[in-house]
Amino acid sequence: MPVLQPPPFRVYLLRHARAALAAPGERDFDRRLDDAGYAEAEIIADRAADKGYAPDVVLSSTALRCRETAEAVRRAFNDTFEITYVDEMYNAEASVYLALIAAQTASRSVMLVGHNPTMDAVAEAFIGQQAMASLLPSGFPTAGFAVLDAQDAPGTNGAGWQLSEFLHP
């Protein structure tokens, strides 16, 4: 996969919180967060807000569990940003997420709220397979929140991307 060149200089990847199993006849797309998932979403949103990880742009899958997770983040930031819901993020390849990020040329930071295994693949595209295996050996957990910074952002040396922090409830 191609390595993205900034801007944006910071990318936040948030995997949706834990979802309930599909009820009989319910589509995967319509799965809600379960009780633990609601708690995870609130905890991770509050931790991100406490650390000042405020995105300029938030893009979320339209799947219900992603929308519920994204809304928790918006509430934690006192509704200071809008969320753009993107149908193509559901069951998407990493290339779709990467293209969405690359399109945010007017923004310094962008957050994607989405699904696995796509989040694993996107994080790997930024930091490489070896770093991914070392930093997240079990992959992207539910409600996992990755902060990726461009190493050639103002005030840094080098090229490429680094995982600056990973938060998990």
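Within the set Thr69, Thr80, the sole residue that is of a type in the set (S, T, N, Q), out of contact with any strand residue (DSSP E or B) (no Cβ under 6 Å at 6 or more places or on another chain) and at negative phi turns out to be Thr80.
Conditions (1) farther than 21 Å from Leu136 by Cβ; (2) touching a residue at least 40 places away in the same chain (Cβ under 8 Å), marked per residue:
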{"position": "Asp28", "(1), (2)": "yes, no"}
{"position": "Glu40", "(1), (2)": "no, yes"}
{"position": "Ala45", "(1), (2)": "no, no"}
{"position": "Asp50", "(1), (2)": "yes, no"}
{"position": "Cys66", "(1), (2)": "no, yes"}
{"position": "Val73", "(1), (2)": "no, yes"}
{"position": "Thr105", "(1), (2)": "yes, yes"}
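Out of all the residues in the stretch 8-28, which are surrounded by fewer than 20 Cβ atoms within 10 Å (Cβ to Cβ) and either of a type in the set (A, V, I, L, M, F, W, C) or within 23 Å of the chain's Cα centre (by Cα) (or both)? Before the answer, list the steps.
Of the stretch 8-28, the ones surrounded by fewer than 20 Cβ atoms within 10 Å (Cβ to Cβ) are 9, 20-28.
Residues satisfying the conditions are Phe9, Ala20, Leu21, Ala22, Ala23, Arg27, Asp28.
Once the stretch 124-147 is narrowed to residues that are of a type in the set (A, V, I, L, M) and at pLDDT 95 or above, the residue that is farthest from Ser95 (Cα to Cα) is Ala143.
This table checks each residue for (1) polar (S, T, N, Q); (2) modelled with pLDDT under 95.
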site: Ala72; (1), (2): no, no
site: Asp79; (1), (2): no, yes
site: Glu88; (1), (2): no, no
site: Ala92; (1), (2): no, no
site: Ala103; (1), (2): no, yes
site: Ser109; (1), (2): yes, yes
site: Met119; (1), (2): no, no
site: Val122; (1), (2): no, no
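Condition check ((1) in a loop (DSSP other than H, G, I, E, B); (2) over 15 Å from Ser60 (Cα atoms); (3) open to solvent by 20 Å² or more (accessible area, probe 1.4 Å); (4) not β-branched (Val, Ile, Thr)) across all residues:
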residue	(1), (2), (3), (4)
Val96	no, no, yes, no
Ala106	yes, yes, yes, yes
Val113	no, no, no, no
Met119	no, no, no, yes
Glu124	no, yes, yes, yes
Phe140	yes, yes, no, yes
Leu148	no, yes, no, yes
Leu163	no, yes, yes, yes
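The values are calculated or read from the model by the stated rules, or taken from the named source; none is laboratory data. Because the structure is predicted, anything quoted here is derived from the model rather than measured. FYI the Cβ positions are ideal-geometry reconstructions off the backbone, even for glycines, and counts take in every protein chain you see. SASA here: full protein model, heavy atoms, side chains in, ligands and nucleic acids out. Shrake-Rupley method; radii C 1.70, N 1.55, O 1.52, S 1.80 Å.
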